[in-house]
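Student: Here it is, the structure in full.
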Amino acid sequence: MANTKPIYFDNHATTQVDPRVLDAMMPYFTEHFGNAASRNHAYGWNAEDAVEKSRKQIGSLIGATSKEIVFTSGATESNNLALKGVAEMYAEKGNHIITAATEHKATLDTCKHLEKKGCRVTYLPLKGDGLVDLDMLRDAINDKTILISIMYANNEIGVVQPIAEIGRIAKEKGVLFHTDAVQACGKIPVNVAADGIDLLSLSAHKMYGPKGVGALYVRRKSPRVQLTAQMDGGGHERGMRSGTLNVPGIAGLGAACEIAQKEMPEESARLRRLRDKLRANLEANLEEVYINGSMEHRLPHNLNMSFAYVEGESLLMGINDIAVSSGSACTSATLEPSYVLKALGLGDDLAHTSIRFGLGRFNTEEEVDYVGNKMIEVVNKLRELSPLWEMFKEGIDLSKVQWTAH
Ligand SMILES: *Cc1c(COP(=O)(O)O)cnc(C)c1O
């Protein structure tokens, strides 16, 4: 594999733009360069048509109407707008927000900000399989609770939450429900009506669209959700998000949604088969490997595994022709190993040797076989050099460490 690009298995971090998406975007960089807010000429009308088409395509994917789609710069902004917008708009009603410990930083850091502004936030712990405990959620709701924010599917372990049940609980208690659906949209069926969702964040670059564009779904009926704008200006997007619209990006997001909706059944079946093949290969040929998070409630293209008795950094170095993410501190800006894996109860050792395999539209079966075989080769090689592995093989009880396996 020398001199070639690494095999891309990091599709939860971002995805390659689908060539069909790029085709849909190109005209809005060139001849149709108008401002969608220009009402007096064809340049503006053409741009506006593209934006309205995209709203329909997004709405169709998630079961929403066009008027419920607010364009943003991505899901980080969508999450900020949802949480801060609700906290400010509904301050009279209450100041309590419920979220989970394994949310994306765009949610957790926004909650931290809101705590400084006087909000109270409950961070629900997760069960060992990565799922929210619904009884705990119910118990956390009080008369000051205004919002529940629980992600649809986790970006590290791919665990899919019981969203429809959470939606029902929220409705029962008269609390708004926001979900960060970045990893779920376009990958598994998402429907804001069936799931009882009031606010939903999505991002184009996680579904084969361009970076820097996303949307927030904002329910308009039963209930009509109101938000305090976080960006003031020309009053675009029904006053909820001012700023000239990114027309090429928005056209790309719409096209990405349409393709995903059309191809989802076939694509998810294909990726599930490949993912399961990778897992089977690893489990058949390596001892002491652990799956992180529920396998049953999981995105079809995600596999997150820990490889005991290897060193995280050496493992990553050994597989440097494969682009993956790791729960190890060495790959991230912070020194802590993955907070998501720690929330599942993993010890530092297993968190450090975890690998997230994120399969995607452009991966082939040959790549899946290569990655599996390479992992086996490198893990075996590292273990041969490991005194801990030798002791383990001799049957020595190495530690009182609780190895958490699921
Ligand atoms: C990538 C991601 C985000 C952030 O989206 P951007 O569009 O990159 O800002 C938020 N939540 C989840 C779950 C993600 O995976």
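The values are calculated or read from the model by the stated rules, or taken from the named source; none is laboratory data. Bear in mind the structure is a predicted one, so any value in this text is a computation, not a measurement. Because the Cβ atoms are built from the backbone with ideal geometry, glycine has one as well, and the counts that use them run over all protein chains shown. Surface areas here come from the heavy atoms of the whole protein model, side chains and all, with no ligands, DNA or RNA. Shrake-Rupley method; radii C 1.70, N 1.55, O 1.52, S 1.80 Å.
Student: What percent does the relative contact order of the range 19-260 come to when contacts are Cα pairs within less than 8 Å and at least six residues apart?
Tutor: The value is 28 percent.
Student: Also, I was wondering about something else. Take the alpha carbon atoms of the range 270-285, find their center, do the same for the range 80-154, and report the distance between the two centers in whole angstrom.
Tutor: What the calculation gives is 35 Å, centre to centre.
Student: If you don't mind, another one. Taking a threshold of 22 Å on the Cα-Cα distance, which of the pairs K53/K262; K116/K221; K84/K127; K187/K221; K116/K342 fall above it? List each step's numbers first, then the result.
Tutor: Numbers: K53/K262 16 Å; K116/K221 32 Å; K84/K127 28 Å; K187/K221 26 Å; K116/K342 25 Å.
Pairs exceeding 22 Å: K116/K221; K84/K127; K187/K221; K116/K342.
Student: If you don't mind, there's one more thing I want to ask. Rounded to the nearest percent, how much of the accessible area of the chain (1.4 Å probe, protein heavy atoms only) is carbon and sulfur?
Tutor: 52
Student: Can you tell me the FRET efficiency between L22 and R120 if r is taken as the Cβ-Cβ distance and R0 is 35 Å, rounded to the nearest 0.05? Write down the numbers at each step before the final one.
Tutor: Working: r = 45 Å, r/R0 = 1.29.
E(calc), rounded to 0.05, equals 0.20.
Student: For the chain, would you read off the P(r) tail past 31 Å as a percentage of all alpha carbon pairs?
Tutor: Values: 33961 of 82215 pairs.
Percent of Cα pairs beyond 31 Å in the chain: 41.
Student: Now a separate question. Taking 1 over the mean of 1/r across every pair of different Cα atoms in the range 307-391, what Kirkwood radius in Å do you get? List each step's numbers first, then the result.
Tutor: Details: mean 1/r = 0.0731 Å⁻¹.
Radius from the Kirkwood sum: 13.7 Å.
Student: Hey, another quick one. Projecting each Cα onto the charge dipole of the chain (Lys/Arg +1, Asp/Glu -1 at the beta carbon, about the Cα centre), which of V371, T14, S203 comes out farthest on the positive side?
Tutor: Sorting the options by dipole projection puts first S203.
Student: In a Gaussian network model over the chain where Cα atoms closer than 10 Å are linked, find which of L388, L341, L253 has the largest mean-square fluctuation.
Tutor: In this elastic network of the chain, the residue with the biggest mean-square fluctuation among L388, L341, L253 is L388.
Student: Could you please report the charge total around I141, scoring K, R as +1 and D, E as -1 over all other residues with beta-carbon less than 10 angstrom from its beta-carbon?
Tutor: 0
Student: Can you find, among M25, G358, N155, the residue sitting farthest towards the positive end of the charge dipole of the chain, where Lys and Arg contribute +1 and Asp and Glu -1 at Cβ?
Tutor: Among M25, G358, N155, the one farthest towards the positive end of the dipole of the chain is M25.
Student: Please state the Cα pair-distance histogram of the range 19-260 with 10 angstrom bins from zero: what percent is in each bin?
Tutor: 8, 34, 35, 17, 6, 1
Student: Between L385 and E365, what is the spin-label point distance in nm, taking each point 7 Å from the Cα along the Cα→C-beta axis?
Tutor: A separation of 3.5 nm, rounded to one decimal place.
Student: Looking only at L303, L286, L131, which one moves most when the chain is put into a Gaussian network model with springs between Cα atoms under 10 Å?
Tutor: L286
Student: Follow-up question, since we're still on this one. Which value, in Å² rounded to 10, gives the accessible area of M25 with a 1.4 Å probe and all protein chains present?
Tutor: Only protein atoms counted, so the area is about 10 Å².
Student: When a/c is below 1.5 the answer is rounded, else prolate if a/b is larger than b/c, else oblate, so apply that to the range 184-231 with a ≥ b ≥ c taken from the square roots of the Cα gyration tensor eigenvalues.
Tutor: Oblate shape, in that a/c is at least 1.5 and b/c is the bigger or equal ratio.
Student: In the Gaussian network model of the chain, springs joining C-alpha atoms below 10 Å, which of D129, D180, D321 carries the largest mean-square fluctuation?
Tutor: Of D129, D180, D321, the most mobile in the Gaussian network model is D321.
Student: Using a 1.4 angstrom probe and counting only protein chains, how large is the accessible area of H32 in Å², to 10?
Tutor: 60
Student: Could I ask something else about it? Under 5 Å between amide hydrogens, which residues at least 5 positions from F177 or on another chain qualify, with H placed 1.01 Å from N in the peptide plane?
Tutor: The list, which skips near neighbours in sequence, is I148, D198, L199.
Student: What does the accessible area per residue of the chain come to in Å², with a 1.4 Å probe and no ligands, DNA or RNA counted? Walk me through the numbers before you get to the answer.
Tutor: Numbers: 17690 Å² over 406 residues.
Here the per-residue accessible area is 44 Å².
Student: Given Cα pairs under 8 Å that are at least 6 residues apart, what percent is the relative contact order of the range 1-139?
Tutor: 12
Student: Moving to a separate point now. Just reorder W389, W45 by solvent-accessible area, largest first, 1.4 Å probe, all chains present.
Tutor: Working: W389 35, W45 125 Å².
Reading off the accessible areas and sorting them downward yields W45, W389.
Student: Normalized C-alpha radius of gyration of the range 125-239, against 2.2 N^0.38 Å?
Tutor: 1.12
Student: Could you list which residues have their amide H under 5 Å from that of R120, counting only those 5 or more apart in sequence or on another chain, with H placed in the peptide plane?
Tutor: Sorted by chain and number, the residues that satisfy this are H96, I97.
Student: State, as an integer percentage, the relative contact order of the chain based on alpha-carbon contacts under 8 Å between residues 6 or more apart.
Tutor: Relative contact order comes out at 21 percent.
Student: Also, I was wondering about something else. Using per-residue counts of other Cβ atoms within 10 Å, averaged over each peptide, order 255-261, 367-373 from highest down.
Tutor: By packing density, highest mean first, the sequence is 255-261, 367-373.
Student: How compact is the range 217-355 by the rule of thumb for globular proteins, expressed as Cα Rg over 2.2 N^0.38 Å?
Tutor: 1.47
Student: Step through the residues of the range 369-386 one at a time and calculate ³J(HN,Hα) from phi using the Karplus curve (6.51 cos²θ - 1.76 cosθ + 1.60, θ = phi - 60°), rounding each to whole Hz and writing x for Gly and Pro.
Tutor: Once θ is set to phi - 60°, the couplings for the range 369-386 become 5, 4, 4, x, 5, 5, 4, 4, 4, 6, 4, 4, 5, 5, 5, 4, 8, 9 Hz.
Student: Looking at the range 19-126, which trypsin sites (Lys or Arg not before Pro) are DSSP coil and have at most 16 other C-beta atoms within 10 Å of their C-beta?
Tutor: R39, K93, K117
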